[in-house]
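K.L.:
This is the structure I have questions about; it appears just below.
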Amino acid sequence: MKQSIILCLMPVVIWSFCARQSKPQTNEDCKKLNSRGVDSLLWYGATKKKSALNAALNLLNEAIKCDSNLRIAKINKISVLGELGQYHDALQMIDNLILVDKDSSLLILKSAYYEKLNERELSIKTYKIAYSYFSSQLKKHPENVNAIYCKLLTQSKVFGKDSITSEIQYYLKKYPNDGNLKALLEGI
């Protein structure tokens, strides 16, 4: 069951790990609606009851209506849409967010949804764009563990998992306590 919760939330976890740290100020009531939506999403992960997903979607829609700048509610809604199999709607929301804030970490999520739609070429093309972005970020900030993780993740999708084995081991020596790098190595 724990694994199903992790799989359900993987797109959000990956996005939140790779995303920039900017957090806009929002109304507390709107944040509470978002939190309740996340609680419903977690409940879905534990129970697989579609009613929990529908509740999450309704709460997140309310949060976005309450504060259209509440970015995290939009990211959470994208995850719910993905769980509902509404990948085209999720992709449209991702495109809208990328236009507004140019957040390249959303490209990983976009690629994952293209994979779900069996759009292999679009998925790889989008992973390549993300790989290029995170590679350039590492040139500027070689100690940025988030960029390291995202670069390795996208590299594995573009060039295969074998292409990252030695790099992960190198970075694990450098950052032995990083759980995300350990998980990436275990996934190979």
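K.L.:
With a 10 Å cut-off between alpha carbons and a GNM built on the chain, which of 90, 112, 46 moves the most?
P.N.:
46
K.L.:
Taking the Cα centre of the stretch 81-134 as origin, work out the dipole magnitude from +1 charges on Lys and Arg Cβ and -1 charges on Asp and Glu Cβ, in debye rounded to 20.
P.N.:
220 debye
K.L.:
Within the chain, which DSSP H helices have Cα atoms that stretch 15 Å or more along the helix axis and a mean Kyte-Doolittle hydropathy of at least 0.0?
P.N.:
Those that clear 15 Å and a mean of 0.0 are 2-18, 50-66, 71-83, 87-101, 106-116, 145-159.
K.L.:
Follow-up. Using unit Cβ charges (K, R positive; D, E negative) and no other charged atoms, how large, in debye to the nearest 20, is the dipole of the chain about its Cα centre?
P.N.:
Once rounded to the nearest 20, the dipole reads 180 debye.
K.L.:
Would you compute, from DSSP H runs of 4+ residues alone, the mean residue ellipticity of the chain at 222 nm, taking -39500 (n - 2.57) per run and dividing by the full residue count, rounded to the nearest 500?
P.N.:
Computed mean residue ellipticity for the chain: -25500 deg cm²/dmol.
K.L.:
Another question, then. Just going by the charge dipole of the chain, with Lys and Arg at +1 and Asp and Glu at -1 on Cβ, which of 164, 100, 38 is farthest out on the positive end?
P.N.:
Result: 164, furthest along the dipole toward the positive end.
K.L.:
Note down the Stokes-Einstein diffusion coefficient of the stretch 82-125 in µm²/s, whole number, using a Kirkwood radius over alpha carbon pairs, 37 °C, and 0.692 mPa s.
P.N.:
My calculation gives 315 µm²/s for D.
The numbers here are math on the coordinates, done by the rules we state, and not lab data. Not measured: the values here are computed from a predicted model. Ideal geometry is used to build each Cβ from the backbone, glycine not excepted, and the neighbour counts take in all protein chains shown.
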